[in-house]
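Novice: Take a look at this one; I'll ask things after.
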Amino acid sequence: MGFMLNIGSLIIGVIALVLAVFAFIPFLGWANWVIIPFAVVGLALGAMSDRTSGRNLNIVVIVVGALRLMLGGGII
């Protein structure tokens, strides 16, 4: 069961990462307000798994999204 949770976490993490790259376009930084909670769900799945790859990917996405929000003032 833990392996399947890790797969689900990786899928969510990859989707969130693609959306986070999209949110680096100027004036689309607001999308991180949706991407970060999405990655938190992936992080929760990864935390319940016996492997760490999905959890680590979602942590990276959350950190990148949060840094982008801070640089853009939360909107830009």
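Novice: Given (1) touching a Pro at 6+ places or on another chain (Cβ under 9 Å); (2) aliphatic (A, V, I, L, M); (3) at pLDDT 95 or above, identify the lone condition not met by residue 76.
Specialist: Condition (3) is where residue 76 drops out.
Novice: Here's a check for you: in the range 1-54, which residue that is assigned to a loop (DSSP other than H, G, I, E, B) and not aliphatic (A, V, I, L, M) is surrounded by the most Cβ atoms within 10 Å (Cβ to Cβ)? Outline the logic, then answer.
Specialist: Of the residues in the range 1-54, the ones assigned to a loop (DSSP other than H, G, I, E, B) are 1, 23-28, 49-52.
The next check asks that each one be not aliphatic (A, V, I, L, M); those that pass are 24, 26-27, 49-52.
Details: 24: 15, 26: 7, 27: 8, 49: 21, 50: 9, 51: 15, 52: 13.
Ranking the candidates gives 49 first.
The values are calculated or read from the model by the stated rules, or taken from the named source; none is laboratory data. In this text, all values refer to a predicted model and were calculated from it rather than measured experimentally. Positions of Cβ are backbone-derived with ideal geometry, glycine not excepted, and every protein chain shown enters the neighbour counts.
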